[in-house]
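I'd like to ask you about the structure that follows.
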Amino acid sequence: QVQLVESGGGLVQAGGSLRISCAASGSIFSINTMGWYRQAPGKQRELVARITSDGYTTYADSVKGRFTISGDNAKNTVYLQMLSLKPEDTAVYYCNADLLQYGSSVYYTAWGQGTQVTVSS
């Protein structure tokens, strides 16, 4: 099975920075996209940023200009550099990957268990 493990979450003050990481491992043949979603209490999970294996990126309007997503294909790892953090960025951040496993022709969506990011005012 495929496993996604996030790291780097924590508590920061408003205006501060944080970088979170996600490493994918297991029976992976190829990865099409990896991304970050977040969910605050009482809110729906939302897309924060996404990157394809070719390096194309997508961002939520609320984080454009502040967050940068990047990836290392050789390591099956994606990063999210978060700058100028705001209290409204507080959420559990979940790593996501759309991939093909060895021996399968069906795309599989994998999720990490999440890492907490808390921004104090």
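The values are calculated or read from the model by the stated rules, or taken from the named source; none is laboratory data. Remember, it's a predicted structure, so these values are computed and weren't measured experimentally. Neighbour counts are summed over all protein chains in view; Cβ atoms, including those assigned to glycine, are modelled from backbone coordinates with ideal geometry. The protein model used for the area step is the full one, side chains on, heavy atoms only, and it has no ligands, DNA or RNA in it. Shrake-Rupley method; radii C 1.70, N 1.55, O 1.52, S 1.80 Å.
If we scan the range 56-65, do we find a residue that is modelled with pLDDT of 95 or more and under 15 Å from Val2 (Cα atoms)?
no
Go through Ala49, Ala74, Ala97 for me and flag whichever is surrounded by 15 or more Cβ atoms within 10 Å (Cβ to Cβ), more than 25 Å from Ser120 (Cβ to Cβ) and either out of contact with any Leu (no Cβ under 7 Å at 6 or more places or on another chain) or among the hydrophobic types (A, V, I, L, M, F, W, C) (or both).
Ala97
Looking at (1) open to solvent by 50 Å² or more (accessible area, probe 1.4 Å); (2) at pLDDT 95 or above, can you tell me which one Leu85 breaks?
(1)
Another question, if that's okay. Consider only pairs whose beta carbons are under 7 Å apart and that are at least six residues apart or on different chains; among these, list those whose first residue lies in the range 82-105 and is closer than 18 Å to Thr68 by Cβ and of a type in the set (Gly, Ala, Ser) and whose second residue is part of a strand (DSSP E or B) and open to solvent by less than 40 Å² (accessible area, probe 1.4 Å).
As it stands, the answer is Ala91/Arg38; Ala91/Val117, since those pairs meet every condition given.
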